[in-house]
1. Taking θ as phi - 60°, what are the ³J(HN,Hα) couplings along region 113-119 by the Karplus curve (6.51, -1.76, 1.60), each to the nearest whole Hz, with x for Gly and Pro?
2. Would you pull out the residues with amide H under 5 Å of ASN233's amide H, same chain only if 5 or more places away, H placed 1.01 Å from N?
3. My understanding is that a pair violates if its Cα-Cα distance is over 19 Å; which of LYS47/LYS95; LYS9/LYS62; LYS47/LYS83; LYS208/LYS229; LYS49/LYS77; LYS25/LYS49 do that in this structure?
4. For the residues VAL52, VAL217, what sequence is obtained by ranking on other C-beta atoms within 10 Å, fewest first?
Amino acid sequence: MDTDTLREKFIRSEESLNRLGDETKQLVFTRVQDLRGSRDYLETLIKEKQAVDTQITEQEAKISSLQDEINNQANLKEDLVRKHANKAGELQAKKNRLEEIQTEKNQMIETLKTTNDEICNLKSEISQKREKIATLMKTNQELELKLKTDIKVKEAENAELRKELETLKADNAIISFLLEESAEDIPEVDILAATMKLGQTSKDELKKALEGHISPVIITRTLGRMAEKGLLNYDESNDIISIR
């Protein structure tokens, strides 16, 4: 092979290499434009571009390794595509996370608003209850004062009533008996009450009045004892019962 042929072949190879270099530079430039948003990645890509430029410069001096360099460029392209895909996935994940954070933020704002409303309502309720408590305390103080006054009045009245009762007990045997025995469940009390209500009556009428409360046998037995105690008058001969 003569020198002219070699020179021509060298020139074609150099032109092919230049075209390859231009295409590679354009590919790197395009990728840089697509990934401009990431400064770290841009710096990495610039370093890779510089490495490619260095490789291209070395290829100009090493024609025999042209095919290996082309393979390297193909591998580099695949790596760039893979990195681009990874970066796109990362960006989408970040976007999704931002949307989640925004949703959580909106929920927290709504929760905070609801909590603030509840706090305002509680403050209003507390204020109303404090006013009510103050009113109740004032009312209680007034009632307590009134109750103390009423108690003093009742104590004075009770003292007078006790004096009157003692006088009545001393003057009237029936009233004395009722006052002493009325708390007990005895037939004498019911018989006296019925006799006072009926006035002068008979044993049969008294039995009818106390029917369901005291048995007729008890009434008959009790009338005699009451007459002996002087609690009432009972004349068995004419069946007349009356209060003394």
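Please treat every number below as a calculation from the coordinates, not as lab data. Everything numeric in this text was worked out from a predicted model, so none of it was measured. Note that we place each Cβ from the backbone using ideal geometry, even for glycine, and neighbour counts take in every protein chain shown.
1. With the stated coefficients, region 113-119 comes to 4, 4, 4, 4, 4, 5, 5 Hz.
2. Answer set, sorted by chain and number: SER242, ILE243, ARG244.
3. With Cα atoms farther than 19 Å apart: LYS47/LYS95; LYS208/LYS229.
4. So the ranking, lowest neighbour count to highest, is VAL217, VAL52.
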